[in-house]
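Okay, structure first, notes after.
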Amino acid sequence: MHPLLGQSQFIERAIALRIFSLWAIVAVAVAAFAEGHSAVRGQVLKREEATELTFDHKDHWDYRIEDVRGALRITVPTLNAETRKALTEWKDDLISSVEVVGSTSEKDVITIKTKPGVEFFDYLTDTPARVIVDLFPGEMKKTKRDVATVSKRSKAAPSGVSPKGQESALRKSNESKDSQSEGVATVQNNPTGAQQKANSDQGDAASADLSKGPSSYLIESTNSEKAEDRFDLLEYEVKREAIIRSEQMVYLRFPVLMLEGGELQEIKSHPPEYEMEPDDTRENKQARLLLLLFKKGRFAVYLKALQLFRQEFPTSKYDQILDFIKADIDLQLAENEQDKEGYGRALDSYRGLLVNYPESPLFDRTSQLLVFSYLKEKQALKALSQIQSFLVERPDSSLRSKMMFAAADAYRMLNRYSKALDVYNEIEKLSQDRRIQARAAYQKGDLYFLENKYKQATEAYEGAVKNYPEFVGVYENAIFNRAESQFWLGNSKTALEGYREFLRLFPKHINGGFCLTRIGEILEQNGVNKERSLGAYLESEFKYRGSPGAAVAKIRTLGSQLATAKPQEVGIKIDTILDLASEIPFASSRDFAEVIITDALYERKNFEDMISRLETYYKSNAGSPHLGHFKNRIVQGIVGQLKESLDNPNKVNTLRIFAKNSDSWLKNSSRSDVPYILGMGYFRLGLYKESAREIGLALSQVEGLSDIERIRLKAFEELPAIDIMRFHYSKALFESGELLKSYEVLDKIKGSTEFNDEQRAEVATLLAQIQERRGDFNLSDAKVVEMLKANEGVTDNVVRVVLSVAQNRWNNKDRQGALDLLKMSQEQMSVDSDEQKRALTDITKRLHEYQIQEGEVLQAAATIERCLNKLGDTTQVPELKFLLGKSYIQMGEIRRAEEIFQKIDGNEASYWSSLAKDQMNQVNFEDSYKKYLKRIPALSDFKKSSAKKQEAKP
């Protein structure tokens, strides 16, 4: 020590010299750092079809974006060299060129010439402060811009305070300024600090500060179109089958939105101002030197100097202020070094100070600091202990409501929700401030929500809205959590309205990403057009990029793309989905990702990979709450394989797949599609009895279901309409020889609307086969009409049945019934194929034959003419023309018959043409013979006599 300097002077000079040296070093370092790092840093990222430009490393922004004649002009603070190079070398399908030009105002102008149809979407994030510009093809656009030029100036909000909180008078604390002198030390708090207020009402107002924590919970966006106006669910869009199918989907449970108060950050951002009145005493000078060291941030020197001070002044009137400063330093150092043990010791120091100095002006601030620090560290019991101590020491404190809110938070952390609810009820009952009452009311629902008591949560939120409607736009937790409660209660329409309301009231809140994603899920689970749900996912992803909700939306859009992706893209998209899922801090996020992936593989009919992936995941995640979902999907994949195998040339493949899984995944299966598909496989192999057994089993399960149960069945199983199942069952019975049972099953199909033309033809054929095999031709006209209804329904079997039925009636003296049946059949039949034309010819010939036998020659000729009009020029025409000509001969119209016979020509008609000539020769001979007989009188008299005798017969 210098002989002329006292101890305090020596310490002051040494410290001053060291401060100057450090200041010089820091100044040089800052200058060097600023040269390379003051410029803006940016990067170009390719994201699917879009490209993202990101500019960051600025705590506030002044930038401008202009759309100038097909070019995007972005003005930002000076860019660093790496960013300039990256931009000038940027190549992309969305742009033609990029130019970066500096200006005299420390600004850079980036001019991007975009290709036709390319659009952009820009927004700001707060933490970190970052400008993001997305370029994407026009068809991806889900938002619109009101103006082409946007100029922005933003300044990061203080950490822990949201702009919403700053602007709202309902959330703004009353200012107060407390000062207290004690001895030679005066301790002052910042006017906005958490110090005791002038009166109780002011204290309650202070505790109404509901700042939400990190400002990253807010996202700036230039989008002016309101998302809540674009998504609605109309009744006619809802599909019950889709709702039922959604029961097997995995939906992530989004975290409850809590009112995360910024009290701790508020307290720390307004530290106490320590002051000492100067005097000439050595004790005062050294104490003021310690205070100077603290204010200069020389914490290590302060701690060393404090030890020296204690040695010289074991008991000092400045002990209180120096002890509080030491506790502040200990806390600051522990936080800087992330030293949890040191942090705990610092808090213990504060607790000791409250015991030692109960009348300190810092008592209220320190008590709050302890309480909210304990809550931050999840030390709920210590927080409750400190709150209890405070309320004992200050029973009438203006901070009482604030401490009770903290106590409710502590009980919530301990899962003692009923205790927390009691605290909220007490606050609402005792407080005279409507803002405090509203805060308590709006938080009650959160407690029920955390217990998954969604009905009670909804009632609590609705009660708060009813009793305190003027605060709806203040408490976002109630709007979001109420919508989530309705979602988990299955009230999708009400939930959708809740999410839309949240987007309307809090468009910049990060939970908007959750809302848009959930809107997409609700639209999807109600069977609405996929483009609308995809629109919600895309908007969540682009508008709330970087948020957890946007990540969930991205997984869903990737799943949709995976279903139709090129084979070489499948692996990349699966890896991207898994990477995103690993970053989402929610329970069951991996389960969610696996469901998205395997559902896409199922849609791709990639059953082998789907089943293999699910089996592996199922076995390695035995604790998953969604094991049932995964098992059902494995079975679904196997059923998909079975169904696909029915088209495989290898007919044994169906049985092979079934045998492989019959003792594992398909064991004790209650599904109806498994025996049905198995029965179809047996039929292909000619094992008709086995086929009938399995299809009959499936049919018996389905026939006993109610309409609602059949809708559920259709949602999950690979089954055709029930009448189609009956047809295949009847077919298997027929082939196995059970004709009567086959007919009885087929009889249930009559009048069915579930068949197309081809299937109706198959039904008609089967019915004809059954009748022919049984020899039972006692069918009604209605049954025959049913067989003939289908355009493609006339086959050889059907014709044989019709002809047999007509013959049966004719033989049993029901000749008119036979004629009517054949006439009706002729009218019903179509002539779209050669087979149908042949069938019509056969029916016509039989009808013509019966009519000739009945002497109805004129009607017989008309029958042939109707058929010829239908047939046109076919191979069947020569024979029919011959029959028509013969009919005219019988009617005595020889000239007409001759005209018809002359039209029979061609190679294929030579036979019928020859017969026609013979017929005409016969007619000519008979005509000549008759003329010859007329010339002989005796024969002429004989003929007349014979004619009279014939007429005389009864």
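I'd like the full set of residues that are modelled with pLDDT of 80 or more and not aliphatic (A, V, I, L, M), limited to the stretch 914-940.
The answer is Ser914, Lys917, Asp918, Gln919, Asn921, Gln922.
When you go through (1) open to solvent by 20 Å² or more (accessible area, probe 1.4 Å); (2) among the small types (Gly, Ala, Ser); (3) at pLDDT 95 or above one by one for Ala600, which number turns out not to apply?
Among (1) open to solvent by 20 Å² or more (accessible area, probe 1.4 Å); (2) among the small types (Gly, Ala, Ser); (3) at pLDDT 95 or above, the lone unmet condition for Ala600 is (1).
On the given criteria, is Lys493 modelled with pLDDT under 95 and either under 23 Å from Tyr251 (Cβ atoms) or out of contact with any helix residue (DSSP H, G or I) (no Cβ under 7 Å at 6 or more places or on another chain) (or both)?
So Lys493 fits the description; yes.
Can you tell which of Ala407, Ala346 is part of a helix (DSSP H, G or I), open to solvent by less than 30 Å² (accessible area, probe 1.4 Å) and over 21 Å from Pro272 (Cα atoms)?
Ala407
Taking the stretch 269-287 as the region of interest, how many residues are without any contact (Cβ under 8 Å) to a residue 40 or more places away in the chain and surrounded by 18 or more Cβ atoms within 10 Å (Cβ to Cβ)?
Within the stretch 269-287, residues that are without any contact (Cβ under 8 Å) to a residue 40 or more places away in the chain and surrounded by 18 or more Cβ atoms within 10 Å (Cβ to Cβ) number 1.
Given the conditions (1) over 54 Å from the mean Cα position of the chain (by Cα); (2) surrounded by 15 or more Cβ atoms within 10 Å (Cβ to Cβ); (3) β-branched (Val, Ile, Thr), which single one is not true for Thr315?
Result: Thr315 passes all but (2).
Being in a helix (DSSP H, G or I) and touching a Gly at 6+ places or on another chain (Cβ under 7 Å) is the requirement here; does Ala768 meet it?
Details: in a helix (DSSP H, G or I): yes; touching a Gly at 6+ places or on another chain (Cβ under 7 Å): no.
It is false that Ala768 is in a helix (DSSP H, G or I) and touching a Gly at 6+ places or on another chain (Cβ under 7 Å).
Pairs, please: C-beta under 6 Å, at least 6 apart or cross-chain, first residue of a type outside the set (A, V, I, L, M, F, W, C) and in the stretch 90-102, second assigned to a strand (DSSP E or B)?
Asp92/Thr51; Ser96/Lys113; Ser97/Lys113; Glu99/Thr111; Gly102/Asp108
Answer yes or no as to whether Tyr618 is assigned to a helix (DSSP H, G or I), surrounded by fewer than 20 Cβ atoms within 10 Å (Cβ to Cβ) and among the aromatic types (Phe, Trp, Tyr).
Considered against the rule, which asks whether it is assigned to a helix (DSSP H, G or I), surrounded by fewer than 20 Cβ atoms within 10 Å (Cβ to Cβ) and among the aromatic types (Phe, Trp, Tyr), Tyr618 comes out as yes.
Examine the stretch 473-484 for a residue that is of a type in the set (S, T, N, Q), within 18 Å of Ile519 (Cα to Cα) and without any contact (Cβ under 8 Å) to a residue 60 or more places away in the chain, and state whether such a residue exists.
So far as the stretch 473-484 goes, no, none of its residues is of a type in the set (S, T, N, Q), within 18 Å of Ile519 (Cα to Cα) and without any contact (Cβ under 8 Å) to a residue 60 or more places away in the chain.
Mind checking which residues of the stretch 56-84 are touching a strand residue (DSSP E or B) at 6+ places or on another chain (Cβ under 9 Å) and outside any strand (DSSP E or B)?
Matches in the stretch 56-84: His57, Lys58, Asp59, Gly70, Thr78, Asn80, Glu82, Thr83, Arg84.
On the basis of being under 30 Å from Val639 (Cα atoms) and surrounded by 19 or more Cβ atoms within 10 Å (Cβ to Cβ), does Ile577 make the cut?
yes
With the condition kept exactly as written, say whether any residue in the stretch 553-566 is open to solvent by 40 Å² or more (accessible area, probe 1.4 Å), at pLDDT 95 or above and either under 23 Å from His629 (Cβ atoms) or touching a strand residue (DSSP E or B) at 6+ places or on another chain (Cβ under 8 Å) (or both).
Looking for residues that are open to solvent by 40 Å² or more (accessible area, probe 1.4 Å), at pLDDT 95 or above and either under 23 Å from His629 (Cβ atoms) or touching a strand residue (DSSP E or B) at 6+ places or on another chain (Cβ under 8 Å) (or both), one finds none in the stretch 553-566, hence no.
Please determine, by comparing only the residues of the stretch 853-869 that are among the β-branched types (Val, Ile, Thr) and modelled with pLDDT under 90, which one is nearest to Trp810 (Cα to Cα).
Val857
Residues are listed down the side, and each one gets a yes or a no for (1) in contact with a Ser or Thr (Cβ under 6 Å, 6 or more places away or on another chain); (2) surrounded by fewer than 24 Cβ atoms within 10 Å (Cβ to Cβ); (3) assigned to a helix (DSSP H, G or I); (4) among the acidic types (Asp, Glu):
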| site | (1), (2), (3), (4) |
| --- | --- |
| Gln437 | yes, yes, yes, no |
| Tyr461 | no, no, yes, no |
| Lys466 | no, yes, yes, no |
| Asn477 | no, yes, yes, no |
| Phe480 | no, no, yes, no |
| Phe487 | no, yes, yes, no |
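For Asn756, are the conditions met, namely being of a type in the set (S, T, N, Q), open to solvent by less than 50 Å² (accessible area, probe 1.4 Å) and either closer than 30 Å to Ile244 by Cα or touching a Phe, Trp or Tyr at 6+ places or on another chain (Cβ under 6 Å) (or both)?
Considered against the rule, which asks whether it is of a type in the set (S, T, N, Q), open to solvent by less than 50 Å² (accessible area, probe 1.4 Å) and either closer than 30 Å to Ile244 by Cα or touching a Phe, Trp or Tyr at 6+ places or on another chain (Cβ under 6 Å) (or both), Asn756 comes out as no.
So which residues in the stretch 715-756 are under 22 Å from Tyr688 (Cα atoms), in contact (Cβ under 8 Å) with a residue 40 or more places away in the chain and touching a Lys or Arg at 6+ places or on another chain (Cβ under 7 Å)?
Listed by number, the residues that qualify are Glu718, Leu733, Ser736.
Can you find, within the stretch 228-265, the residue that is nearest to the chain's Cα centre (by Cα) among those that are part of a helix (DSSP H, G or I) and loosely packed, with under 15 Cβ neighbours inside 10 Å?
Filtering the stretch 228-265 for residues that are part of a helix (DSSP H, G or I) and loosely packed, with under 15 Cβ neighbours inside 10 Å, the one nearest to the chain's Cα centre (by Cα) comes out as Glu247.
Looking at the stretch 580-597 only, could you name the residues that are open to solvent by 10 Å² or more (accessible area, probe 1.4 Å) and either among the aromatic types (Phe, Trp, Tyr) or touching a strand residue (DSSP E or B) at 6+ places or on another chain (Cβ under 8 Å) (or both)?
Residue satisfying the conditions is Phe586 alone.
Inside the stretch 524-570, can you point out the residues that are of a type in the set (A, V, I, L, M) and either more than 18 Å from Phe480 (Cα to Cα) or over 13 Å from the mean Cα position of the chain (by Cα) (or both)?
If the condition is that a residue be of a type in the set (A, V, I, L, M) and either more than 18 Å from Phe480 (Cα to Cα) or over 13 Å from the mean Cα position of the chain (by Cα) (or both), then Val528, Leu534, Leu538, Ala551, Ile555, Leu558, Leu562, Ala563, Ala565, Val570 are the ones that fit.
State which residue is surrounded by the fewest Cβ atoms within 10 Å (Cβ to Cβ) when the search covers only the stretch 621-637 and only residues that are of a type outside the set (Lys, Arg) and farther than 13 Å from Arg590 by Cα. Break it down stepwise before answering.
Narrowing the stretch 621-637 to residues of a type outside the set (Lys, Arg): 621-630, 632, 634-637.
Going one step further and asking which of them are farther than 13 Å from Arg590 by Cα, we end up with 622, 628-629, 632, 634-637.
Working: Ala622: 7, Gly628: 10, His629: 20, Asn632: 17, Ile634: 23, Val635: 20, Gln636: 23, Gly637: 26.
Checked the stretch 621-637; the qualifying residue surrounded by the fewest Cβ atoms within 10 Å (Cβ to Cβ) is Ala622.
Inside the stretch 816-928, counting only helices (runs of 4 or more DSSP H) that do not spill past its ends, which hold 2 or more residues that are among the β-branched types (Val, Ile, Thr) and within 60 Å of the chain's Cα centre (by Cα)? Can you show your working first?
Values: elements: 834-853, 857-871, 877-890, 894-902.
Ranges flagged: 834-853.
For Glu82, are the conditions met, namely being open to solvent by 30 Å² or more (accessible area, probe 1.4 Å) and modelled with pLDDT of 80 or more?
Criteria met by Glu82.
Can you run down the residue pairs with Cβ atoms below 7 Å, 6 or more apart or on separate chains, where the first is in the stretch 300-325 and within 17 Å of Ala346 (Cα to Cα) and the partner is hydroxyl-bearing (Ser, Thr, Tyr) and at pLDDT below 95?
Here the result reads Gln320/Tyr357; Gln320/Ser360; Ile321/Tyr274; Ile325/Tyr274, each pair linking the stretch 300-325 to a residue that is hydroxyl-bearing (Ser, Thr, Tyr) and at pLDDT below 95.
Quick check on the stretch 212-221. Is at least one of its residues of a type in the set (D, E, K, R), at pLDDT below 80 and either surrounded by 20 or more Cβ atoms within 10 Å (Cβ to Cβ) or more than 17 Å from the chain's Cα centre (by Cα) (or both)?
yes
The values are calculated or read from the model by the stated rules, or taken from the named source; none is laboratory data. Bear in mind that the values here come from a model prediction, so they are computed numbers and not experimental data. Virtual Cβ from ideal backbone geometry, glycine too; neighbours counted across all protein chains shown. For accessibility, only protein heavy atoms count, side chains too; no ligands or nucleic acids. Shrake-Rupley method; radii C 1.70, N 1.55, O 1.52, S 1.80 Å.
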